[in-house]
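Structure, as structure tokens:
The values are calculated or read from the model by the stated rules, or taken from the named source; none is laboratory data. All values derive from a computational prediction rather than experimental measurement. When we count neighbours, we look across all protein chains shown, and the Cβ atoms used for this are built from the backbone with ideal geometry, even at glycine.
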Amino acid sequence: MKPLNYKKQLLIILLSIFTLSCEDMVELDPPSNQLIREEVFNNEATVKSAMTGIYNELFQLDFSNGYRSSVTTLAGLSADNISNISTTNLSRMEFEQNEINPDNPDNLNIWSSAYNMIYITNSFLEGINNSQVLDQDFKKQMDGQARFVRAFTYFYLANLYGDVPLILSTDYRENQLAFRTPKNEIYDQILLDLQQAEEELSSDYATGERTQVNKFTVKALMARFYLYTENWSKAEELSGHLIDENGTFKLQDDLNEVFLANSKEAIWQISPIGGNGISTQTNEGNFFIIDPIFSFFAAIRLQEDFVEQFDTEDLRLLNWIGYNESKNAHFIYKYKIWNSTEYPIREYSMVLRLAEQYLIRAEARAMQNNIAGAISDLDIIRQRAGLNLLADLNPTIEQAELLDEIFLQRRKELFAEWGHRWLDLKRSDRTSEALEDENPYWEDTDLLYPIPETERIKNPNLTQNEGY
């Protein structure tokens, strides 16, 4: 195991203080907390270590860690690509059945862990901006990275829950009774943070690791943001910036290399180093792979009607989908390592990658009636998958049919990654069409997750989403 030095251990301890909820902050002695923050933010080395601690927390916190209570798992269950192997886990079954109770513990895990990350980034931003000793250029680099992480976190909160409290400080007196903020205002703040981060950050991966946020990372999320807000020209422009950076990014020809650490396709990844333990596999690999010997641990399977969507020659079927005979189940095999203690770490959790940018630009172009341009981008993805080109099969395809094909390729390309399918169905008004025939519990009010009941008990100003 790669040892942590004393300074990094100290910063992990300090950062753990930042992860306390606003309610827990009531118990802290403000003078002691202030001394800790001054210690962290009075030199560049400790600030860099604190920022590394934030990245490490993304591997720990439920919403972002790719494990049982992550957006990847739970939003995946809400859609139509994956399902539970066992029906005895009632909490996860509620996500699969779109019947989530407000007291569901996994739902609380998403919410509370996301707000813990927001509290961490707010604390970090306050410390950076209040520091009188740090170099201004250095402060901008650190500020931009933290702002991105905050925007990224709010992006998922807003898309899963709709209106949510907008917390931009560490003032627990103000935060503990915060009202829900309209989603459009949350989006305004997301864009504001992303725009500032884009101005402040360089284009380098300073450490050589694609686990660090840079200008390209920001542009990738901005492209998705503009796609979701139907600003087609900006979505095309931003995704084009990433696609044109062919010296830095490229699609991996071998699909088995896509999810490797620092893959050329990766725009942003999360390293398992954040687990601070002896294991070095990703949570996605550990949770989704059905190991042939330890298959009794298996919890998630791919839905058979999803697997049947793939052509037999599709390389994604052949490389990214496994089959376990004892469970008679297909499983997610994008990550190949179920368990590891090896260094260097071979796989990182993928968050943003180039293939999504091609699909963003294809959709944005299609929505602007640039059919030829959309086909060209989509065929890059189809060709990598070993499929015949749409330009040859149907060059005169109409816009509506082309959009159906784009969403189908998004489903096949991005399955089991950060809830893409669930969010795609929602933003395109395809959810009822996709789910209501197979799910007798489906109601349109299921589009938003419930505000956790324990949070509403603590904060009487939190209203509940319709239908709960």
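Looking at this structure, is Ile167 closer than 29 Å to Leu408 by Cβ, among the β-branched types (Val, Ile, Thr) and not in a helix (DSSP H, G or I)?
Details: closer than 29 Å to Leu408 by Cβ: no; among the β-branched types (Val, Ile, Thr): yes; not in a helix (DSSP H, G or I): yes.
Answer is no for this residue.
Ala197 falls short of the stated requirement of being touching a Leu at 6+ places or on another chain (Cβ under 7 Å), within 21 Å of Leu354 (Cα to Cα) and modelled with pLDDT of 95 or more.
Being closer than 20 Å to Phe225 by Cα and either acidic (Asp, Glu) or surrounded by 13 or more Cβ atoms within 10 Å (Cβ to Cβ) (or both) is the requirement here; does Leu414 meet it? When the stated conditions are applied, Leu414 passes them. Here the condition is being more than 23 Å from Asn65 (Cβ to Cβ) and surrounded by 18 or more Cβ atoms within 10 Å (Cβ to Cβ); of Ile120, Ile128, it holds for Ile128 alone.
Here Phe331, Phe415 are screened, and the one residue that is within 28 Å of Phe148 (Cβ to Cβ), of a type in the set (Phe, Trp, Tyr) and in contact with a Phe, Trp or Tyr (Cβ under 9 Å, 6 or more places away or on another chain) is Phe415.
Elements of the type helices (runs of 4 or more DSSP H) sitting completely within the stretch 291-377 and holding at least 3 residues that are in contact with an Asp or Glu (Cβ under 7 Å, 6 or more places away or on another chain) and under 15 Å from Gly240 (Cβ atoms): these cover 354-367. Please pick out the residue among Asp379, Asp437 that is surrounded by fewer than 21 Cβ atoms within 10 Å (Cβ to Cβ) and modelled with pLDDT under 95. Asp437 is the lone residue from the list that is surrounded by fewer than 21 Cβ atoms within 10 Å (Cβ to Cβ) and modelled with pLDDT under 95. Looking only at residues of the stretch 194-245 that are of a type in the set (Ser, Thr, Tyr) and either touching a strand residue (DSSP E or B) at 6+ places or on another chain (Cβ under 6 Å) or in a loop (DSSP other than H, G, I, E, B) (or both), we find that the one that is surrounded by the most Cβ atoms within 10 Å (Cβ to Cβ) is Thr217.
So which residues in the stretch 170-193 are under 20 Å from Ala223 (Cβ atoms) and either surrounded by 13 or more Cβ atoms within 10 Å (Cβ to Cβ) or outside the structural domain of Gln145 (by TED's automatic domain parsing) (or both), if there are any at all? Lys183, Ile186, Tyr187, Asp188, Gln189, Ile190, Leu191, Asp193, listed by residue number.
Output yes when any residue across the stretch 168-179 is closer than 30 Å to Ile345 by Cβ, of a type in the set (Ser, Thr, Tyr) and touching a residue at least 60 places away in the same chain (Cβ under 8 Å), and no when none is. Explain how you work it out, then say what you get.
Our first condition is that a residue be closer than 30 Å to Ile345 by Cβ; within the stretch 168-179, this holds for none.
No, there is no match, as no residue in the stretch 168-179 is closer than 30 Å to Ile345 by Cβ, of a type in the set (Ser, Thr, Tyr) and touching a residue at least 60 places away in the same chain (Cβ under 8 Å).
Out of Tyr343, Tyr333, Tyr323, one residue alone is buried (at least 17 other Cβ atoms within 10 Å of the Cβ) and hydroxyl-bearing (Ser, Thr, Tyr). It is Tyr333.
Please determine whether any residue of the stretch 282-289 is in contact with a Lys or Arg (Cβ under 7 Å, 6 or more places away or on another chain), surrounded by 15 or more Cβ atoms within 10 Å (Cβ to Cβ), assigned to a helix (DSSP H, G or I) and without any contact (Cβ under 8 Å) to a residue 40 or more places away in the chain. No, because not a single residue in the stretch 282-289 is in contact with a Lys or Arg (Cβ under 7 Å, 6 or more places away or on another chain), surrounded by 15 or more Cβ atoms within 10 Å (Cβ to Cβ), assigned to a helix (DSSP H, G or I) and without any contact (Cβ under 8 Å) to a residue 40 or more places away in the chain. Of the residues making up the stretch 425-448, not a single one is in the same structural domain as Leu315 (by TED's automatic domain parsing) and aromatic (Phe, Trp, Tyr).
Every residue, every condition in (1) in a helix (DSSP H, G or I); (2) without any contact (Cβ under 8 Å) to a residue 12 or more places away in the chain, yes or no:
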position: Ala400; (1), (2): yes, yes
position: Glu405; (1), (2): yes, no
position: Leu408; (1), (2): yes, no
position: Lys412; (1), (2): yes, no
position: Ala416; (1), (2): no, no
position: Trp422; (1), (2): yes, no
position: Leu425; (1), (2): yes, no
position: Glu433; (1), (2): yes, yes
position: Asp437; (1), (2): no, yes
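A search for C-beta distances below 8 Å between a residue of the stretch 120-134 that is under 11 Å from Gly53 (Cβ atoms) and any residue that is crowded, with 22+ Cβ neighbours inside 10 Å and among the small types (Gly, Ala, Ser), counting only pairs 6+ apart in sequence or on different chains, returns Phe124/Ala50; Phe124/Ala146. The set of residues in the stretch 382-403 that are of a type in the set (D, E, K, R) and surrounded by 16 or more Cβ atoms within 10 Å (Cβ to Cβ) comprises Arg382, Arg384.
As for the stretch 132-140, it holds no residue that is buried (at least 22 other Cβ atoms within 10 Å of the Cβ) and assigned to a helix (DSSP H, G or I). Just one of the listed residues (Asn328, Asn388, Asn324, Asn394) is on the phi > 0 side of the Ramachandran plot and without any contact (Cβ under 8 Å) to a residue 40 or more places away in the chain, namely Asn328.
For residues that are in contact with a Lys or Arg (Cβ under 6 Å, 6 or more places away or on another chain) and in contact (Cβ under 8 Å) with a residue 24 or more places away in the chain, scanning just the stretch 346-376, find the one that is surrounded by the most Cβ atoms within 10 Å (Cβ to Cβ). Give the derivation first.
Residues of the stretch 346-376 in contact with a Lys or Arg (Cβ under 6 Å, 6 or more places away or on another chain): 359, 373-374.
Going one step further and asking which of them are in contact (Cβ under 8 Å) with a residue 24 or more places away in the chain, we end up with 359, 374.
Working: Leu359: 25, Ala374: 27.
Among residues in the stretch 346-376 that are in contact with a Lys or Arg (Cβ under 6 Å, 6 or more places away or on another chain) and in contact (Cβ under 8 Å) with a residue 24 or more places away in the chain, the one surrounded by the most Cβ atoms within 10 Å (Cβ to Cβ) is Ala374.
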